[in-house]
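First up is the structure itself, then whatever we jot down about it.
Taken together, the values in this text are just the output of simple stated rules run on the coordinates, not laboratory data. Being a predicted model, the structure only gives us computed values, none of them experimental. Note that each Cβ is placed from the backbone with ideal geometry, even for glycine, and that neighbours are counted across all protein chains shown.
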Amino acid sequence: MRAFKNAWFKRFVRKEKISAAALWEAVDRAEQGQINADLGSGVIKQRIARSGRGKSNGYRTIILYCKGDKAFFVFGFPKNEQDNIREDEEIQFKKMAKQVLALTDEQLQQLIANGQFEEIVKNA
């Protein structure tokens, strides 16, 4: 299993001080079938706890996800600032999932080289 974050999510993680370990915990829970919301078409929503607090007051993340293969963190928001994503956003995430989850390793490496994605190192 490999996990990545897009450029937008990378800035969000840095601003909110979310650790790589917290992101991997969300991926590991998904791998065990513990998905907070399956939006369909390879898009899931996972909760991530704030440091020192529970998941209910934490963050919601949108992940483009293929079990046993890859997870792409593409959007996140603090629960206290936004209740959910809009319907039009969900449609766009589903379109994005179709493209991103179909990337070849070579295409993915090019996107990483261009700074559009960054691999999340486990235990970092």
Shape of segment 48-124, Cα gyration tensor, a/c cut at 1.5: oblate
Calculate how steeply helix 87-100 sits against the longest principal axis of the alpha-carbon atoms of the chain, using the helix alpha-carbon long axis, and give the answer as 0 to 90 degrees to the nearest 10. 40 degrees
DSSP loop trypsin sites (Lys or Arg not before Pro) with at most 10 other Cβ within 10 Å: longest gap in the chain: 87-124
Within the chain, helix-based [θ] at 222 nm, where runs of 4 or more DSSP H residues each add -39,500 (n - 2.57), nearest 500: -11000 deg cm²/dmol
Between the DSSP loop rule and a limit of at most 16 other Cβ atoms within 10 Å, which GluC sites (Glu not before Pro) in segment 42-109 are left? GLU81
In degrees rounded to 10, the 0-90 angle between helix 20-31 Cα long axis and the longest Cα principal axis of the chain is 80 degrees
